[in-house]
Each structure stands twice: as structure tokens, then as C-alpha cells.
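Asks: Following this message is one structure expressed as C-alpha cells.
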Amino acid sequence: MIYKSKLIYLLLAIGLVLSACGQNEQGSSEGEESEKETTNSNENKEASDKASSETEEGANSEEEDAGFVEAYKQGKEELAKAEEDKEVDYQKVIKVYNNNLKSLVEKRDSSIDQQITTALEAGKNGELDGAIVKQIFDKLSQKVFYLTIKHEFQEINENWGNTEEVNAEIAEAKEFYQVLEGTVEKRDAAYETSMVDQIQAGFTEIEKAVENDDQLAFQLGKQVVDKTLMKTFYLAAGAMPHGYATKAAKEAEEDPAHAKVEQAEGWAFYQSISSYLTEYAKEDAAIIEENFNLETDVKKLDPEAVNKAFVRGFSKVALHEYEESEENWGKDKSVITALEGALFIDMISRDIKRMQGEDMANTLNEQAQTYLDAVKADEKEKAMDVLEKIEGTLNSINEKTK
């Protein structure tokens, strides 16, 4: 691995860019919160108009979308040569990126463009290991595709009632998901999960919702796709035993250079999910960021601390969703946030099982489902009774993972 004096400045620059990125993401997260306030058509239009004013753009053609994906694949393929100690044509990657992918990245988040551009230039100048550059380009591009899926869901909201336009946007979201499916499949294989099937079920629910003009069903299907992708990124970054925090820590003593690449990969995966934790669990998010930050000595990376921070953080996010659900009883938002609470619990169900036992994990999942069903059925007394138990368990998990 090549290190030069300029690298310290480079890492500081990436860190500053990351801070700006986190702020932008938080704004996006808050925008999504406002979007799910209601499925009333007029209020949805107001939320959509706000989203449109923040990101002015027209719809992409199929050729443009295919061009974005192809540019990503070409760049990733060329940068992968670094992992085989082969010479990388960085100028080729920079040209492909600037001409064919940069415009999409800038639409989603200009901070990501700064990160990718900085990394590519550092690789070209020999200031950053090529394998690290590859991970930054690859995983931050995946974040862009993930954000694009979320953007398409916003456009479906905005254009609800225009079936032709909405179906085109669903197709666009699914096209970008295809880029991420390999990442999902790898986590399914490592953890024996079925996230590919869950995401497909979410898209199927969305398509049926459009057919039946059922906006609530669309919102629920959207949450399944979104939160299952978040779970994928978490399993890749901080879950045990196959997350990159664990991999990097194990590798640190024998091969620090390779461990540094794995640390970078964990950092890059984390960027896709950092906004929720930054917003609702700042202290836990700071622990994760400190361990993954490229300025941190990889030998000091603590995978258990990272994992516990994720568990606490997602527990706090789940508690927030349940609070929203209770506050909005009788509205569609109560159902939507009830599902989100259950999905955030599902993200850490393996951790709860490992830390607290299978019985607690199963009971918590069952309670989350019971609460969701009670909200749908407008059975408030039953819902509040089980919600008290859910909140007690989540608070207990937070205390036990400190």
C-alpha cells in the first residue's frame, strides 16, 4: 500500500466531505418522514413538490439509465485490476465516470461526487491504494443507485394516478435494483437470509398497489424494499461474523494492507445507512464512523463495539418509529411506521438472538407483528398493551449493549 504525506490531507478531505454528505442525507431522511405523513392525494402532492424543488430533474430515458449502469460496471472492472496487482488506467475510469455517471451522482448527492472524484484522483496520483479506490467507487456508486430507487418511489408518489408514468418509474427502480441484487445475494448466502425474495415481494406489492389504486399498500411495499436494502448494507458493514468490521479486525495483524481495504469497504457500505443513525442515535453513529474512518488505525478497529453501536442505533430508530405510530393512531402513517418499526427490529434480529437468546428474538418479532396487525385492525387497547412490551425489550437491549 502506498502512503505519502499528501494522504493525510486526502483523508481529512474525504472526512469533511463525509460530514457534508451526512447533513444532506439527514435532510433527505426528514423529507421521507414528511412524505409518509399521509397518503392523502393533496398532501402527497405538497410533499412531492417539496422533493421536486430540492432535486430538479427530468425523467431519465432507458438509454440514460443503461448508460449509468454500464459506466459503473466499466469503472468497477478497470479498478478491480488493482486487487490483482495490475496497472489501472485511472484516466479511463475518470473519463467514463465524468461522461456517463457523474450527472446521476450529482443529482443524488454532490458530496458523493466529491468523494468519488477525490478517490479517483488520489489513485491516479499514487496517493491512495488502488484497492481502496475501487471500494470507494464501487460502494458509493451502489449508494447512488440505492438513493435513485428511493427517488423513483418519491416520483411514484408524485405521479400517483398516472398509471403509465408510475409503471415506468417502477421499472426504473427495478432496473437500478438489479445492480444491487448481487450485494443482496452475497449477504443471503453468508447469513442464510432470504432478502432477495423479500425485496421481490416488496416490488410485487407495489405493482399490485398501483393496479388496485391502493396508496397505503404502495407505501408498505416501498418500506419493505427500502428497509431490506438497508439491512443488506448493515449485514455487509457491521453485522457479526461476516461484516467488514469483523473481517478487517481479523486481518489486521497478518495483513494490515488488506485489512485497510476491508475497513474502507465497511466504511463505504455504511454510508448508505448512516443518515438514520446520525439522526436518531448520534453517539452510536459516531462510534461506527470512528472505527471505519480511514484515518483510524485498522489494528484498533473494534468489531464488537461497531456491532453493538449498530444494535443500539437501530433499536433507537425502531423506538422512534413506534412513537410515530402511536402519535398518529387512526392515520395511514400509524400503519406505515408500525411496519418500519418491525423492519428495523428484523435488521438486528440475529444480533438479539446471539446476545439475548432465541426466545427473546422470536418473542420480539412476534410482538412486532401483533402490533402491526392491531394497528391495521384499529384495535388500540391490544396494540398499546403489546407496544409497551416491545418498548421495554428495546430499551433493555440498549442498556445491555452499552
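The values are calculated or read from the model by the stated rules, or taken from the named source; none is laboratory data. Note that the structure is a prediction, hence the values are computed from the model and not measured. Neighbour counts are summed over all protein chains in view; Cβ atoms, including those assigned to glycine, are modelled from backbone coordinates with ideal geometry.
Asks: Are there any pairs with C-beta distances below 6 angstrom linking a residue in segment 164-177 that is assigned by TED's automatic domain parsing to the domain that holds A71 and part of a helix (DSSP H, G or I) to a residue that is polar (S, T, N, Q) and surrounded by fewer than 20 Cβ atoms within 10 Å (Cβ to Cβ), with the two at least 6 apart or on different chains, and if so which?
Replies: E165/N159; V166/N159
Asks: Still on this structure: Looking only at segment 102-119, decide whether some residue is closer than 12 Å to Y72 by Cα and touching a residue at least 40 places away in the same chain (Cβ under 8 Å).
Replies: Looking for residues that are closer than 12 Å to Y72 by Cα and touching a residue at least 40 places away in the same chain (Cβ under 8 Å), one finds at least one in segment 102-119, hence yes.
Asks: Go through the residues of segment 341-348 one by one and say whether even a single one is under 23 Å from the mean Cα position of the chain (by Cα) and among the aromatic types (F, W, Y).
Replies: yes
Asks: Here is a further query. Any idea which of (1) within 20 Å of I345 (Cα to Cα); (2) part of a helix (DSSP H, G or I); (3) free of Cβ contacts under 8 Å to residues at least 24 places away in the same chain is the one P241 doesn't satisfy?
Replies: Single failed check for P241: (2).
Asks: Mind counting the residues in segment 206-261 that are touching a Leu at 6+ places or on another chain (Cβ under 6 Å) and not assigned by TED's automatic domain parsing to the domain that holds D332?
Replies: Within segment 206-261, residues that are touching a Leu at 6+ places or on another chain (Cβ under 6 Å) and not assigned by TED's automatic domain parsing to the domain that holds D332 number 3.
Asks: Of the numbered conditions (1) more than 20 Å from V144 (Cβ to Cβ); (2) touching a residue at least 24 places away in the same chain (Cβ under 8 Å), W267 fails exactly one; give the number of that condition.
Replies: (1)
Asks: For segment 130-163, enumerate the residues that are part of a helix (DSSP H, G or I), of a type in the set (S, T, N, Q) and over 27 Å from F292 (Cα atoms).
Replies: Hits for segment 130-163 are Q154, N157, T163.
Asks: Something else about it: List the pairs whose first member sits in segment 380-402 and is closer than 19 Å to N362 by Cβ, whose second member is β-branched (V, I, T) and surrounded by fewer than 20 Cβ atoms within 10 Å (Cβ to Cβ), and whose Cβ atoms are under 6 Å apart, counting only residues at least 6 apart or on separate chains?
Replies: Listed pairs, sorted by first residue: V386/T370.
Asks: Oh, and also: Do you know which residues across segment 238-283 are within 17 Å of T401 (Cβ to Cβ), buried (at least 24 other Cβ atoms within 10 Å of the Cβ) and not aliphatic (A, V, I, L, M)?
Replies: G238, G243, listed by residue number.
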